[in-house]
1. If you take the Cα atoms of region 10-115, find Rg, then find the Kirkwood Rh from the mean of 1/r over all pairs, what is Rg/Rh?
2. Nearest 0.05, what FRET efficiency do LEU34 and VAL103 give at R0 = 30 Å with Cβ-Cβ as r?
3. Cut-off is 10 Å between beta-carbons; in what order do VAL58, VAL64 appear when sorted fewest neighbours first?
Amino acid sequence: MNTTPQSLRSNEMTILEHRLENEAERLRDHIASLKMFGLKERLPGAADVAAERDEQLVRRRLTVRRARRALRRTEAALRRMRDGTFGTCQRCGKPIDPDRLRVVPTATTCVACADGD
Ligand SMILES: [Zn+2]
């Protein structure tokens, strides 16, 4: 038997928490700048330019949506850290492998449950 810990040490939790907080901050800034840029794009122009702008706007909205989703996942992980459910699989209730959490701190399921998707 090895002595690999089955949960993250508290100092690792602190590091992960900071990582998630920084990520949430970055995503909020990212979303805010994308939204500002989007407004500036709504300037009148030639039809073909407008069409291109529309396409860029659509793409930007998708980016904003993705960033919002990532932000929600990050904030949810931070909430789980605070309420003590972080690192517990939300599907089977077993502990999530600490190695998985180090790589994907926003993971809500263990590898076995994630594979079942
Ligand atoms: Zn599971």
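1. On the way: Rg = 18.6 Å, Rh = 15.9 Å.
Rg divided by Rh gives 1.17.
2. Numbers: r = 27 Å, r/R0 = 0.89.
Efficiency for this residue pair is about 0.65.
3. On the way: VAL58 10, VAL64 17.
By the 10 Å Cβ count, ascending, the order reads VAL58, VAL64.
Read-outs throughout are calculated quantities, based only on the coordinates presented, and are distinct from any laboratory measurement. Note that the structure is predicted; figures quoted are calculated from it, not measured. Counting neighbours? That spans all protein chains shown, and the Cβs are built from the backbone with ideal geometry, glycine included.
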